[in-house]
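This report concerns only the one structure given below.
The values are calculated or read from the model by the stated rules, or taken from the named source; none is laboratory data. A quick note: this is a predicted structure, and the numbers were derived from the prediction, not measured. Note that each Cβ is placed from the backbone with ideal geometry, even for glycine, and that neighbours are counted across all protein chains shown.
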Amino acid sequence: MNSMSRFFEMGGYAAFVWPAYAITFAAIVLNILWARRSLARSREEARRRLAARGEGA
Amino acid sequence: MSRVVTRIADSLVQTDTAPSTQTPAGPDTAQASVLEAARLALARDLRLAFRKRDQLVQPLAFYAMVTMLFPLSISPELSRLREVAPGVLWAGALLASLLALEFLFRDDAYDGTLEQYALSGQSLTWLMFAKTAAHWLLTGLPLALMAPLAGLSLGVPAAALPGIVVSVAVGSIALSLIGSIGAALTLGVKRSSALLALLTLPLSLPVLIFGARATQLAISGGPLLAPIELLAALAVLGLTLAPLAAAAAVRISLE
Amino acid sequence: MTWTWFHRLASPPYIYTLAARLTPWFAWPAGLLIVAGLWGGLVLAPPDYQQGDGFRIIYVHAPSAWMSLMVYTTMAIAAAVGLIWRIKVAHAVAASCAPIGASFTFAALVTGALWGQPMWGTYWEWDPRLTSELILLFLYLGYMGLRAALEDTQRADRASGVLAVVGVVNVPIIHYSVTWWNSLHQAPTVMRLAKPEIAASMLVPLLMMLLGFTLFFVAILLVRLRGEVLSRERSASWIREVVSA
Amino acid sequence: MHDERLDVENLHLWRGDRHVLRGVSFSLSRGECLQVTGPNGSGKTSLLRTLSALMYPEEGRVLWRGQDVRADLAAFHGALAYLGHEPPLKGELSARENLRYWIGVRRRIGSRALEAALELVGAGAWCDRLVRTLSAGQRRRVALAGLALLMVPLWLLDEPTTNLDREGQQLVADLIAEQRARGGMVVTAVHHELPASLRDLRRLELRA
């Protein structure tokens, strides 16, 4: 078990290694969510435009 | 009434173009050369500026104020101020030239004269270069002439003053050119002063770095040819690319 | 005519369906490569003789730094194509790139600072590479700021396109002048932020992470691209079945 | 050398979500004047700006002398004069200075021609006052003086008679007649009809 705790210590650099990995992982997840949301929003706008044109045309 | 108009219109044809049989479609000998066009664009901006002098004074007043902030905030001791003087002189010059940039094209876009430049058949790049040259003559050069005063107030030795004038003069050429791109790009934006700074400052950092270094060397009496040459190189790069980008940005904002 | 593939790439409906189809082909390999790279970098690779386990930050810093520059260049090229040939899809690519590039530039900044901290003893050091990264972040913010400030999409596309091209010309100049400036004031920092000469067991995970991040970028780009293409389409009928699906 | 004509083929233009120009097509040859009418927002100004190649149509082309205007934009711009809603003048300059800087950029103009143009539009008396002290009608007349000086085959005029009194509107009609007599062409967007004195005007109606 102690190899796990030794792993997490990162040779004493844990305070720097893990925040670095956390911020990068956050960047990856944020990009995924952000991209999907912007796609969904664009589809919704397109649907609304079509509906509006539906009555308009 | 119409016969009178015809007679006057004919006189228009005779006076300025040689052959009276000149039809509008024929080769237009009266076409102004591009240099003539650029000269007129420059002359117009200079005349406008001198007619409303307050715009000339504002960047200089701003520069003086910014310079004054540092002794009051750091310390009155000239020896300590001398150390930060290059940064103060250059950051102040950068921000002061930014101040006047926002209205470089905005007034012309508003009253339709910029549109006439784009439709003139003359190279819009040359006209943009002319307007940017006017901006430099009206802000960059005066700032360079005022930098020694600001320098003295920061304890800069008199021997360093010529070096400072030259470095700010050359550096501000690049600043005006880089700024002209930002000014043209933000034409379509209403409150654009913050955005203009965000676009222009990152691109101006090399000028700031080499300029401050040149001023530092001038103060310490060292050889300042190298940084000034780098400043000149940035100015030449700006001369070739910036008017092109500014012309493209203006055409985009007129679409 | 050889140009047909080029013209098909420029047609929004074709791009929309192609992007939708290709996304998984980039997303899954990216995920696998990143996981494998993490495993290799964190577990298999031996600690660095000088920086110990602290060096493992390179497995997230180097890919982020690579992304920040690669994405900006991609953005500038797409913008140039859009401006020169007036292709809306190219502008849509450029618009999609910006947020991705900005987020990884920020990640590169933070991871770079965290990596340098044990050496420098401070959280921020005006190291030439970190300073260039910070300026690159401002270039991204300027691009996105200009794009947001212009309501009309077409004008925003073309104006930000000019800014991206001007920006990419300035990136090497900024980097050179920052490095020149830094060499004046300090001896070059001892820490090797650049790719150190490291053993294969250390290098392989790094290459995996670099490739993984790049594939991840393409996957996210394809997702965003579909949205951007849609928002630039006005009346095309093809939207009907795409949106209702 | 192709004969001088303006061909407009199937122009389509969107402003935001509004389909402003819907397949506009027409041809104009020497001596013709096309009057573009339609309610506000029907795209009159957009049409003129697209004809002047300031704006880019989504579809369709504009041809000058049989050649796409984009092929040689500088030559096309050299052959046209565009007057927008606002006279392109600087308030801090006099009428004479404005003309010298505005028209001077395009062609060399002698002072006699300048005086003749100012006289033509009745600006002789106040041509040295700053433009910002002039009335809207006077500013419009200074713009017309610029038009007369330009001597170009194609005029694109956006509501040229706004702010003009009866005599001013007649001046516009005379200038257009003069332009047509010289073999030039005019496309003008108008709210109310041009003075009756202009005969056989061609008409293009833009729907809202």
**Request:** Please work out which one of (1) away from every other protein chain (no Cβ under 11 Å); (2) under 20 Å from residue B:126 (Cα atoms); (3) not small (Gly, Ala, Ser) is the condition residue B:178 fails and give its number.
**Result:** (1)
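Out of curiosity, is residue C:105 buried (at least 16 other Cβ atoms within 10 Å of the Cβ), among the β-branched types (Val, Ile, Thr) and under 21 Å from residue A:24 (Cβ atoms)?
Values: buried (at least 16 other Cβ atoms within 10 Å of the Cβ): yes; among the β-branched types (Val, Ile, Thr): yes; under 21 Å from residue A:24 (Cβ atoms): yes.
When the stated conditions are applied, residue C:105 passes them.
Out of all the residues in region D:1-20, which are of a type outside the set (D, E, K, R) and either in contact (Cβ under 8 Å) with a residue 40 or more places away in the chain or over 19 Å from residue D:54 (Cα atoms) (or both)?
Step one: list which residues in region D:1-20 are of a type outside the set (D, E, K, R), which gives D:1-2, D:6, D:8, D:10-14, D:16, D:19-20.
If the condition is that a residue be of a type outside the set (D, E, K, R) and either in contact (Cβ under 8 Å) with a residue 40 or more places away in the chain or over 19 Å from residue D:54 (Cα atoms) (or both), then D:1, D:2, D:6, D:8, D:10, D:11, D:12, D:13, D:14 are the ones that fit.
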**Request:** Test residue D:96 against the criterion of being basic (Lys, Arg) and in a loop (DSSP other than H, G, I, E, B), and give yes or no.
**Result:** no
**Prompt:** Just one of A:34, A:18 is touching a helix residue (DSSP H, G or I) at 6+ places or on another chain (Cβ under 9 Å), more than 9 Å from chain C (Cβ to nearest Cβ) and at pLDDT 85 or above; which is it?
**Reply:** A:18
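Restricting to helices (runs of 4 or more DSSP H) lying wholly in region C:1-94: which have 3 or more residues that are touching a residue at least 24 places away in the same chain (Cβ under 8 Å) and crowded, with 17+ Cβ neighbours inside 10 Å? Can you show your working first?
Values: elements: C:4-10, C:12-39, C:58-85.
Result: C:12-39, C:58-85.
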**Fill in**
Picking from D:120, D:134, the residue that is among the hydrophobic types (A, V, I, L, M, F, W, C) and farther than 20 Å from residue D:85 by Cβ would be D:120
**Complete:** Restricting region B:108-144 to residues that are free of Cβ contacts under 8 Å to residues at least 24 places away in the same chain and more than 8 Å from chain D (Cβ to nearest Cβ), the one nearest to residue B:31 (Cα to Cα) turns out to be B:108
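Identify, from the list D:168, D:110, the residue that is out of contact with any Leu (no Cβ under 7 Å at 6 or more places or on another chain) and without any contact (Cβ under 8 Å) to a residue 12 or more places away in the chain.
Sole residue among the options that is out of contact with any Leu (no Cβ under 7 Å at 6 or more places or on another chain) and without any contact (Cβ under 8 Å) to a residue 12 or more places away in the chain: D:110.
Looking at region C:115-132 only, could you name the residues that are among the aliphatic types (A, V, I, L, M) and over 20 Å from the mean Cα position of the chain (by Cα)?
Restricting attention to region C:115-132, the residues satisfying the condition of being among the aliphatic types (A, V, I, L, M) are C:119, C:130.
C:119 - this is the single residue of region C:115-132 that is among the aliphatic types (A, V, I, L, M) and over 20 Å from the mean Cα position of the chain (by Cα).
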**Request:** Kindly indicate whether residue B:100 is closer than 24 Å to residue B:200 by Cα and touching a helix residue (DSSP H, G or I) at 6+ places or on another chain (Cβ under 7 Å).
**Result:** yes
**Prompt:** Only one of D:130, D:164, D:171 is facing chain B (nearest Cβ under 10 Å) and either modelled with pLDDT of 95 or more or surrounded by fewer than 20 Cβ atoms within 10 Å (Cβ to Cβ) (or both); which?
**Reply:** D:130
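Mind checking whether some residue in region D:20-36 is among the basic types (Lys, Arg), more than 14 Å from chain B (Cβ to nearest Cβ) and surrounded by fewer than 22 Cβ atoms within 10 Å (Cβ to Cβ)?
Initial filter on region D:20-36 (among the basic types (Lys, Arg)): D:22, D:30.
Restricting the remaining residues to those that are more than 14 Å from chain B (Cβ to nearest Cβ) gives D:22.
Now drop any that are not surrounded by fewer than 22 Cβ atoms within 10 Å (Cβ to Cβ), which leaves D:22.
Yes, there is a match, as at least one residue in region D:20-36 is among the basic types (Lys, Arg), more than 14 Å from chain B (Cβ to nearest Cβ) and surrounded by fewer than 22 Cβ atoms within 10 Å (Cβ to Cβ).
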**Complete:** Within region D:63-87, residues out of contact with any Phe, Trp or Tyr (no Cβ under 6 Å at 6 or more places or on another chain), more than 18 Å from residue B:33 (Cα to Cα) and surrounded by 19 or more Cβ atoms within 10 Å (Cβ to Cβ) come out as D:82, D:83, D:84, D:87
**Message:** Filter region A:37-56 down to the residues that are at the interface with chain C (Cβ under 7 Å from one of its Cβ atoms) and either in contact (Cβ under 8 Å) with a residue 24 or more places away in the chain or among the hydrophobic types (A, V, I, L, M, F, W, C) (or both) and list them by number.
**Reply:** A:39, A:46, A:50
**Item:** Set B:176, B:253, B:204: member being in contact with a His (Cβ under 7 Å, 6 or more places away or on another chain) and either polar (S, T, N, Q) or outside any helix (DSSP H, G or I) (or both)
**Value:** B:176
**Fill in**
Expected single match for hydrophobic (A, V, I, L, M, F, W, C) and in contact (Cβ under 8 Å) with a residue 40 or more places away in the chain among D:175, D:149 is D:149
**Message:** Can you pull out every residue in region B:114-155 that is under 24 Å from residue B:92 (Cβ atoms) and in a loop (DSSP other than H, G, I, E, B)?
**Reply:** B:154, B:155
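Identify, please: which residue in region B:187-207 is touching a residue at least 40 places away in the same chain (Cβ under 8 Å) and at the interface with chain C (Cβ under 9 Å from one of its Cβ atoms) and is, among those, nearest to residue C:180 (Cα to Cα)?
Going through the qualifying residues, I end up with B:207.
Only residues that are among the small types (Gly, Ala, Ser) and within 12 Å of another protein chain (Cβ to nearest Cβ): list them for region B:215-235, please.
Within region B:215-235, B:222, B:226, B:233 meet the criteria.
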**Request:** Please state which of the following conditions residue D:53 fails to meet, knowing it meets all the rest: (1) within 11 Å of chain B (Cβ to nearest Cβ); (2) buried (at least 20 other Cβ atoms within 10 Å of the Cβ); (3) out of contact with any His (no Cβ under 8 Å at 6 or more places or on another chain).
**Result:** (3)
**Message:** So for region C:159-166 (the condition being within 10 Å of another protein chain (Cβ to nearest Cβ), buried (at least 22 other Cβ atoms within 10 Å of the Cβ) and without any contact (Cβ under 8 Å) to a residue 12 or more places away in the chain), does at least one residue qualify?
**Reply:** yes
**Request:** Would you tally the residues in region D:82-125 being small (Gly, Ala, Ser) and within 7 Å of another protein chain (Cβ to nearest Cβ)?
**Result:** 6
**Message:** Restricting to region C:139-158, and then to whatever is buried (at least 20 other Cβ atoms within 10 Å of the Cβ) and under 16 Å from the mean Cα position of the chain (by Cα), can you tell me which residue is nearest to residue D:57 (Cα to Cα)?
**Reply:** C:143
